[in-house]
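The structure appears below as structure tokens.
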Amino acid sequence: MSQHAAVMTPDQAGSAVGRTLAVLRALRRLGPGTHPLAAIAAQAALPSPTAHRYVQALVGEGAVERQGPRGHYAFVETPHLFSDFPLGRSGPPTGLGSATVRTELITLQSRTGQIALAYAALLIGRPMRVHAETALGAHAQQLYAAPQASLQALWRAPLEADASGWVILACLGDTGAARPPFHRIREDGYAVGPSPLLDRDIIAAPVWRGSTVAGAVSLLASHRQLRGTAVRNRFVAAVMDTAGAISRQLTRTGMQALAD
């Protein structure tokens, strides 16, 4: 999608998001390796031409790759945008580097046409928010062209630096005396503020594992588009929907681990 792509109507978004998610979930269910289009379409319960259209869109976004024999595709498990800034041998913490999280981010990116990110909360030492997953759509070139300092700030920053960290801070206890007004963020369930990238603002919502805040979902949205109240509200709703879906998945995963 282009940077200035129009926001879809709720009906259009629901249909497109549902089909995108159906294709991504089909690839996950089919497991590692490459799979023919017919198998993907059958798992997604979509006609082959429709499945092909959505698979091609996901190939363009870097979420799916053509591999192996003609007409075979594979899910791309991890993005490569920040490969120069490794998080460490253990990978992204708190489960926020999973295929499920990436699927939800891709859906958010497709729904809004903006840059979607997931951050993990690192609360040992100076609390930080650290990039775990990204869905860029057509914005990879813009991000690569950003100054190195902006990329570093986008990748890792103290929680107080921007809205992606504010929503985590707001969930960590008594921050009533701090600024920005964290009590308002707690009540609203999201935060909006400037981003490290020129001409983009952040809309962020917290991600939970049970009763513990695990990180944040963030949308780097065009400042120009956020001037419109209707678009802003749709973007906020999309971010909160995504954060809720990821929180439910992390909570279920944690409960299953305890049961095992």
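What do you reckon, is L197 assigned by TED's automatic domain parsing to the domain that holds Y119, at pLDDT below 90, of a type outside the set (V, I, T) and closer than 23 Å to A153 by Cα?
Judged against the criteria, L197 is a match.
Rundown of residues vs (1) touching a residue at least 40 places away in the same chain (Cβ under 8 Å); (2) within 17 Å of the chain's Cα centre (by Cα), yes/no style:
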residue: L154; (1), (2): yes, yes
residue: A157; (1), (2): no, no
residue: P181; (1), (2): no, no
residue: R184; (1), (2): no, no
residue: A191; (1), (2): no, yes
residue: A221; (1), (2): yes, yes
residue: G244; (1), (2): no, yes
message: All but one of (1) among the basic types (K, R); (2) at pLDDT 85 or above; (3) farther than 21 Å from R111 by Cα hold for R53; state the number of the condition that does not hold.
response: (3)
- prompt: Limited to region 179-233, what total is found for residues that are closer than 20 Å to G244 by Cβ, surrounded by 14 or more Cβ atoms within 10 Å (Cβ to Cβ) and hydroxyl-bearing (S, T, Y)?
  reply: 3
- prompt: Residue check: is L122 in contact with a Lys or Arg (Cβ under 8 Å, 6 or more places away or on another chain) and surrounded by fewer than 21 Cβ atoms within 10 Å (Cβ to Cβ)?
  reply: yes
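Criterion first (on the phi > 0 side of the Ramachandran plot and assigned by TED's automatic domain parsing to the domain that holds R234) does D162 satisfy it?
On the way: on the phi > 0 side of the Ramachandran plot: no; assigned by TED's automatic domain parsing to the domain that holds R234: yes.
No, not satisfied.
The values are calculated or read from the model by the stated rules, or taken from the named source; none is laboratory data. Source: prediction; values computed, not measured. Note that we place each Cβ from the backbone using ideal geometry, even for glycine, and neighbour counts take in every protein chain shown.
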